[in-house]
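Q: Following this message is one structure expressed as structure tokens.
The values are calculated or read from the model by the stated rules, or taken from the named source; none is laboratory data. Values in this document were obtained by computation on a predicted structure and should not be read as measured data. Positions of Cβ are generated from backbone atoms using ideal geometry, with glycine treated the same way; all protein chains shown enter the neighbour counts.
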Amino acid sequence: MKNLKTSIAARNAQLNALGALADSGYLRIYAGSQPANPETPASKDLLLAELRMAATAFTAARDGEIKSNRIADEADAKQTGKATWYRLCKSDGRSAIWDGSVGTADADLVLDDATIKIHARVSITSLTYSLPE
């Protein structure tokens with residue numbers, strides 16, 4: 001039986017390192033099927049919006065969780081479609097950090113409306129990432 005448990009201090013250290021990778025990075029929102037992992041290119045999926053993370057993308061980890069600092073709006077959405085997943089990339093715009101689901105509830109990234117319209121403004125209030133015990 002496996003019963004691995006990680007301390008809050010250890011999770012916070014991991015999250016601080018992970019959050020630093022996103023400094024000045026990109027949050028890209030896609031329609032279509034989420035790839036198997038972040039190493040799988042997203043070129044076949046429909047990119048709906050691309051938002052820029054702050055120079056310090058996340059707050060310091062607390063209780064096993066990091067929260068994004070302000071994410072710059074996408075002033076002119078690239079396509080129309082239903083947002084289904086997102087990818088967070090480093091500032092080089094190529095190196096993926098993590099992927100997650102998008103929806104209006106029970107998703108990694110929750111939007112008021114998952115349908116994004118071309119040329120519309122896209123805003124993200126916050127993005128939270130946590131590690132399990």
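Q: Got a sec? Which of Ile66, Ile97 is in contact with a helix residue (DSSP H, G or I) (Cβ under 7 Å, 6 or more places away or on another chain) and within 21 Å of Ser33 (Cβ to Cβ)?
A: Every option except Ile97 fails the conditions.
Q: Also, quick follow-up: Could you list, ordered by first residue, the pairs with Cβ atoms under 7 Å in which the first is in the stretch 16-45 and at positive phi and the second is at pLDDT 90 or above and surrounded by 15 or more Cβ atoms within 10 Å (Cβ to Cβ), at least 6 apart or interchain?
A: Close Cβ pairs satisfying both conditions: Ser24/Met53; Ser24/Ser91; Gly32/Leu46; Gly32/Thr84.
Q: Name every residue in the stretch 62-84 that is among the aliphatic types (A, V, I, L, M) and under 16 Å from the mean Cα position of the chain (by Cα), in order of residue number.
A: Ile66, Ile71, Ala72, Ala83
Q: Being closer than 19 Å to Val102 by Cα, of a type outside the set (Gly, Ala, Ser) and at pLDDT 95 or above is the filter here; which residues of the stretch 1-36 pass it?
A: Those that are closer than 19 Å to Val102 by Cα, of a type outside the set (Gly, Ala, Ser) and at pLDDT 95 or above: Tyr26, Leu27, Arg28, Ile29, Tyr30.
Q: Further, regarding this structure: Hey, Ile66 hits all of (1) of a type in the set (A, V, I, L, M, F, W, C); (2) under 19 Å from Leu21 (Cα atoms); (3) surrounded by fewer than 17 Cβ atoms within 10 Å (Cβ to Cβ) but one; which does it fall short on?
A: (3)
Q: With respect to the numbered conditions (1) modelled with pLDDT under 95; (2) buried (at least 17 other Cβ atoms within 10 Å of the Cβ), which one is the sole condition not fulfilled by Leu47?
A: (1) is the only condition that Leu47 fails.
Q: Among the residues of the stretch 48-58, count how many are touching a strand residue (DSSP E or B) at 6+ places or on another chain (Cβ under 7 Å) and either more than 8 Å from Gly19 (Cα to Cα) or among the charged types (D, E, K, R) (or both).
A: Of the residues in that region, 6 qualify.
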